[in-house]
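Just so it is clear, none of the values below were taken in a lab; they were calculated from the coordinates. In this text the structure is predicted, and so the values were computed from the model without any measurement. Please note: Cβ atoms are built from the backbone with ideal geometry, for glycine as well, and neighbour counts cover all protein chains shown.
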Amino acid sequence: MNLLDTFLGRENQAPESLSSAEAFVAIVLLATASDGNLSDPQERSILGELSRSRPLRSYSTDAIAQLCNKNFIILQRDGFNALFNLAKESLSPDLREAAFAIASDLVLSESHINEEELNFLNDLYQALSISPDIGTRILQAMSLKNQIKGD
């Protein structure tokens, strides 16, 4: 607990926790917000990707929107790094590769990919303990899907 948390009376609050589904959603949201912006088309793209993803296929649009809302609240209140750390700790191991694949697809689908987005993908790859072989194959597949050439 830091001094600011003590000052604000947060020292006795239970730490925020996420379900694995909420953590999955958090990673997808963070991928699109890693450049500091979330446009309306990106928001629609996120909802489409999430509704088609295997972990959330049985969720209604409203339920996915509620998962997104919880994550937005944490993002606004605690910041990008706090949500990133919470999501990586809460995501079940069987969803890590899928989360990395969707995050990679969303980042690589943008017309201009900046340094923050590339750093995010690298940090995510490491944080989720994705094997180098699997990570490379995911990035190759998403690059091909989005017609991006590697250097």
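See the values below:
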read-out: Cα gyration tensor category, rounded, prolate or oblate, for the range 30-92 with a/c compared to 1.5; value: oblate
read-out: Degrees, to the nearest 10: 96-108 long Cα axis against longest axis of the chain; value: 70
read-out: Gaussian network model of the chain, Cα within-10 Å springs - most flexible of LEU18, LEU38, LEU50; value: LEU38
read-out: Theoretical ellipticity at 222 nm over the chain - DSSP helices of four or more residues, -39500 (n - 2.57) apiece, nearest 500; value: -21000 deg cm²/dmol
read-out: Angle in degrees between helix 61-78 and the longest Cα principal axis of the chain, rounded to the nearest 10; value: 60
read-out: Mean separation of Cα contacts under 8 Å (6+ apart) over length of the range 97-151, as relative contact order %; value: 52
read-out: Label point at ILE113 placed 7 Å out along Cα→Cβ; residues across the range 119-140 whose backbone nitrogen lies under 18 Å; value: 119-128, 130-140
read-out: Segments 129-136, 101-108 sorted - mean Cβ within 10 Å per residue, highest first; value: 101-108, 129-136
read-out: Separation of alpha-carbon centers, the range 14-80 and the range 103-118, rounded to whole Å; value: 17
read-out: Percent of C-alpha pairs per 10 Å bin, the range 12-151, short to long; value: 12, 46, 35, 7, 1, 0
